[in-house]
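To start, the structure under review is shown below, and the notes come after it.
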Amino acid sequence: MKIQEIITKLWLAFFIVLVLWGCESDYAPKPKGYNRFILPEHAYQPLPDTLPYHFEYSKHARLLKDSSWISDKYWVEIYYPQFKADIHITYKTVNSLDSLKEYFDDAYFLTAKHQIKASAIDEAISKTPSGKTVVYAELEGEVPSQFQFISTDSTQNFLRGALYFNTQVQNDSLQPAIEYVKVDIVHMMNTLKWNDLKGSSRN
């Protein structure tokens with residue numbers, strides 16, 4: 001079997017698993033009413049060139065080093081003080097097809113952790129303007145992470161992101177803020193490039 005066929009099957013398997021999770025979820029009606037948020041206009045700034053990936057992120061957010069105990073060298077947090085929201089970005093180098101499969105499996109597991117509380121999981125595969133493939137997963141219900149995504153060139157780079165809100169407010173009330181940050185995440189992925197760690201970007 002050709003390498004490209006294997007990679008295509010990994011993408012397809014990831015998408016099918018997400019579809020099955022979404023289909024198994026029970027519908028739960030959403031309560032009406034939202035918290036009032038004053039949402040600033042979307043504006044963006046570039047990541048520093050010291051990371052193996054590059055994209056534009058919100059000017060209303062702070063770029064922080066990942067503070068978790070399992071943090072790796074190129075993991076970062078994009079923190080929105082106004083919403084108490086974090087986009088956790090993790091990055092891994094692809095060394096082989098086995099390592100790529102392991103990263104996909106980890107992504108399955110991390111999304112599956114929210115399945116018990118999720119009322120639905122909506123997923124989509126998207127192509128960026130530069131031709132990159134991104135898988136988005138939107139989780140509904142009282143889940144800790146409302147939006148997750150992955151992108152990889154299948155040969156060298158694997159990037160995953162997850163949105164979290166550090167607040168006790170219910171997700172239905174957070175919906176305006178969630179939708180706002182989702183727009184920023186899509187922009188991040190639409191401007192994604194891979195760096196060679198010497199400061200130059202490549203598609």
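Bear in mind these aren't lab numbers, they're just calculated from the coordinates by the rules spelled out. Values in this document were obtained by computation on a predicted structure and should not be read as measured data. Backbone-built Cβ (ideal geometry, glycine too); neighbour counts: all protein chains shown.
Just tell me which aspartates and glutamates come within less than 19 Å, Cα to Cα, of residue 193; anything on the same chain fewer than 8 places away is out.
49, 56, 77, 153, 184
How long is the gain from residue 182 to residue 126 if the chain were fully straight, where each residue apart is worth 0.36 nm and the alpha carbon distance is subtracted?
Answer, rounded to one decimal: 18.8 nm.
Could you tally the net charge around residue 78, taking each other residue with its Cβ under 12 Å from the Cβ of residue 78, Lys/Arg +1 and Asp/Glu -1?
-2
Multiplying the sequence separation of residue 172 and residue 155 by 0.36 nm and subtracting their Cα-Cα distance, what value in nm do you get?
2.2 nm is the gain from fully extending residue 172 to residue 155.
Among the listed pairs 127/182; 73/127; 65/182, which have their C-alpha atoms separated by more than 25 angstrom in this model?
In this structure, 73/127 lie more than 25 Å apart at Cα.
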